[in-house]
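In what follows, a single structure is set out as structure tokens and then discussed.
The values are calculated or read from the model by the stated rules, or taken from the named source; none is laboratory data. Because the structure is predicted, anything quoted here is derived from the model rather than measured. Here the Cβ positions follow ideal geometry from the backbone for every residue, glycine too, while neighbour counts run over all protein chains shown. Quick note on the areas: whole protein, heavy atoms, side chains included, nothing else; ligands and nucleic acids left out. Shrake-Rupley method; radii C 1.70, N 1.55, O 1.52, S 1.80 Å.
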Amino acid sequence: MKPARRLTLRFVSYFIIFYLLIITGFIISLVSFAYFINHHVGDDIHIMSASDIKDDAVVEKGKSIKIADYLAKRAEENLGQLFLFNQSMDIVDYTGDTCELCSMTDNEIMTLKRPGMHTWEIPKYHLLFLPALPVQPLFEEVVRDWKDKGEISSELLQRLQDKKASVEIYNEQWDRVEVIGERRNKKLYKPQLLEENYDIFEYKELSRNASLEDGSTLVVRMPNPAYKPFDEPFNKAMVLFVSVFFGGHIILLIGIIFLSISISRQFVRPLVYVLSRIERLTHFDYSKVRDKNIHHRKTGKLKRKFKLFQPVDESLNHLSERLDSNERQIKHAEQLREEWITGLSHDLKTPLSSIYGYSTMLASEDYEWTKEEMRVFATTMQEKATYMDALIKDLTYTYQLKNRAIKLEKVLIPLNVWLPQFADEQVSVNVYGDVMLEADELLLKRILDNLITNAKKYTPDGTKVNVEAQNIGQEIMLTIADQGPGIPQEELDNLFERYYRGTNTTDDTTGTGLGLAITKQLIDLHNSTISVQSGAEGTVFIIKFKCK
């Protein structure tokens, strides 16, 4: 995978994590709020419509027909019972322990009126919710005892205490004149007895009242076991929501801080390392650097969390190696250039000194030179001038080759016919098969002249030189081999450098020292290669031309 794509994926993954943290915190807040409301606020059975329950209100298993469990639970929470009727007004099923309506006739059920009753019509059945407030039976017993005996029996009083209920008597002026049972209840006001709200969860207590013969009012009060007001849980839920919200944001902030630190460690630190490497390169320091926070101590490789920057690190290493190699090559080229200038100056100065010396001698009036002596002087001066002219032409030629100023005129050359022109007493030529080479004929001749001349020149007299040509796969290979003493390794490494020879022209003026450099450039111009193998048994030059 490309570094740019990996870097993009890494940043995308970080922001996805960040987004998921926000969404998770928001969902947790909503779930907590909903859970709290659901478990602390009751579900009013009166707000249910037939469309809400018609599909799953009745569970049928064979001949058994039952009211759905969730409806039975809701009826219990609303302090009442559900009765399931068929079309014939038969009670099919009911909730609770006792069946209050089972002993009634159809007419009695039809005329039954009780605050909080509710009915739903569903397919094939009818549902009836009948409130069964726990205060009602207590109220009926209290009224019966009070009217019959003028007091409450000890057994009933015990039940009142068990249910934390109380009986209160109010006179005509609505003063509370007597309290039996729980005494911590506040005084009721007469309008409170008029309230009829069937949301059973909103009232802290349940009450029933009856007028007595003397004009006073008897009230039975008890705590509502189903009390689940909406306001209090809602306020608590809001406090919980705000707490979870801000708590989640604090956790999210801490997560962002740690995520930022992680990003800093994974991106800023490597960038600082890369910048330091670049700074070192500007100061020509190409040595490898290991940061213990980024690299493994033993292997020197990048740690896993920094693998994203491995291509950058490798590129910097390659760049350092390349710059170091280039600097060495520049120094080596500078050294060769100085040696080349020194050798060239020497080879130009030596013949020039000869020409200058002989011309001075000829111009001198102190001596009378014979025609023979003057001819010798002139011949020497001519040789030196010819050498200088050849040297200058070769120098010009090398620069033309370097700048691709020489154009090839390729022709198809049959080597089995063409090569034998180089054969003589010392040189033998062998061509294996019909070898056809496409090359510039004049330049190819110069290549072979240079190599064969060198082979003759630097080997003892009479040493054999073998020239061979053959097809090898998709290449044509020419070899020029001699049986001389070989070439030292130091000279072999610089054999094709321009003017490496640096010869003294007083020893031999048959060459300019640029022959092999020109040969290498001519072979490169043909998009071919030349290599040298040299040892105690002789030297072999191998040229390989590509076949089309």
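Using only the heavy atoms of the protein chains and a 1.4 Å probe, how would Thr360, Thr463 rank by accessible area, largest first? List each step's numbers first, then the result.
Working: Thr360 65, Thr463 15 Å².
Greatest to least solvent exposure: Thr360, Thr463.
With θ set to phi - 60°, apply the Karplus curve 6.51 cos²θ - 1.76 cosθ + 1.60 along the stretch 401-414 and write out the HN-Hα couplings as whole Hz, x wherever there is a Gly or Pro.
Calculated HN-Hα couplings, in order: 5, 4, 8, 6, 8, 8, 9, 7, 10, 6, 9, 8, 10, x Hz.
Taking the full set of protein chains and a 1.4 angstrom probe, give the accessible area of Ile122 in square angstrom, rounded to the nearest 10.
Per-residue accessible area (Ile122): approximately 10 Å².
Taking only DSSP H segments of four or more residues, each worth -39500 (n - 2.57), what value at 222 nm results for the chain once the sum is divided by all its residues, to the nearest 500 deg cm²/dmol?
Values: 14 runs with 250 residues, N = 548.
About -15500 deg cm²/dmol.
Short version: ³J(HN,Hα) in whole Hz for each residue of the stretch 485-492, in order, from phi by Karplus 6.51 cos²θ - 1.76 cosθ + 1.60 (θ = phi - 60°), x for Gly and Pro, what are they?
x, x, 10, x, 4, 4, 6, 5
Suppose all protein chains stay in the model; what accessible area per residue would a 1.4 Å probe give for the chain, in Å²? Numbers along the way, then the final one.
Working: 34340 Å² over 548 residues.
With all protein chains present, the chain gives 63 Å² per residue.
To the nearest 20 debye, what is the magnitude of the charge dipole of the stretch 272-336 about its Cα centre, counting +1 on the Cβ of each Lys and Arg and -1 on the Cβ of each Asp and Glu?
Values: 15 positive and 9 negative charges, 137 e Å.
Taking the Cα centre of the stretch 272-336 as origin, the dipole is about 660 debye.
Mind checking the dipole of the chain: about its Cα centre, +1 per Lys or Arg Cβ, -1 per Asp or Glu Cβ, Debye to the nearest 20?
Details: 68 positive and 77 negative charges, 159 e Å.
In total the dipole reaches around 760 debye.
Taking Cα centroids, how far is the stretch 460-496 from the stretch 517-532 in Å?
Between the Cα centres of the stretch 460-496 and the stretch 517-532 lies a distance of 14 Å.
Sort by residue number and name the cysteines in the chain that have no neighbouring cysteine Cβ under 4.7 Å.
If one checks each Cβ against the other cysteines of the chain, Cys547 turn up with nothing under 4.7 Å.
For Cys547, Cys102, what's the largest-to-smallest order of accessible area, 1.4 Å probe?
Working: Cys547 50, Cys102 75 Å².
The ranking, largest first, comes out as Cys102, Cys547.
Could you tell me what % of all Cα pairs in the stretch 363-471 have separations over 17 Å?
Values: 4146 of 5886 pairs.
Within the stretch 363-471, distances greater than 17 Å cover 70 percent of Cα pairs.
Where does the charge balance sit around Ala469 when Lys and Arg score +1, Asp and Glu -1, over other residues with C-beta under 12 Å from its C-beta?
With Lys, Arg at +1 and Asp, Glu at -1, the neighbours total -2.
Give me the one-decimal nm value for the distance between modelled label points at Val242 and Asp366, 7 Å along each residue's Cα-to-Cβ direction.
Once both label points are built, they end up 12.2 nm from each other.
What do you get for trypsin sites (Lys or Arg not before Pro) in the stretch 65-119 restricted to DSSP loop and a cutoff of at most 11 other Cβ within 10 Å of the site's Cβ?
Working: sites: Lys66, Lys73, Arg74, Lys113; in loops: Lys113.
Qualifying residues, ordered by number: Lys113.
Can you give me the relative contact order of the chain as a percent, contacts being Cα pairs under 8 Å and 6 or more apart? Each step should come with its number before you reach the end.
Working: 639 pairs, mean separation 51.8, N = 548.
With pairs under 8 Å counted, the relative contact order is 9 percent.
Find how many whole Å separate the alpha carbon centroid of the stretch 163-180 from the alpha carbon centroid of the stretch 256-292.
86 Å
Dipole size in debye (nearest 20) for the stretch 100-153 around its Cα centre, Lys and Arg Cβ +1, Asp and Glu Cβ -1?
160 debye
Heads up, I need the accessible area for Glu321: 1.4 angstrom probe, whole protein in place, Å², nearest 10.
100 Å²
Taking +1 at the Cβ of each Lys and Arg and -1 at the Cβ of each Asp and Glu, which of Tyr273, Tyr358, Gly462 sits farthest along the dipole of the chain towards its positive end, judged by Cα position relative to the Cα centre?
Tyr358
Can you give me the % of accessible surface on the chain that is carbon or sulfur? Probe 1.4 Å, all protein chains present, nothing else counted.
Details: 18810 of 34340 Å².
Its accessible area is 55 percent carbon and sulfur atoms.
Hey, of (i) 88, 56, 44; (ii) 182, 58, 39; (iii) 73, 68, 45, which did the structure itself give for Cα extents along the principal axes in Å when calculated?
This structure yields the entry labelled (ii).
Return the sequence-ordered ³J(HN,Hα) values of the stretch 314-329 in whole Hz as given by the Karplus equation 6.51 cos²θ - 1.76 cosθ + 1.60 applied to θ = phi - 60°, using x for Gly and Pro.
5, 5, 5, 5, 5, 5, 4, 5, 5, 5, 5, 5, 4, 5, 5, 5
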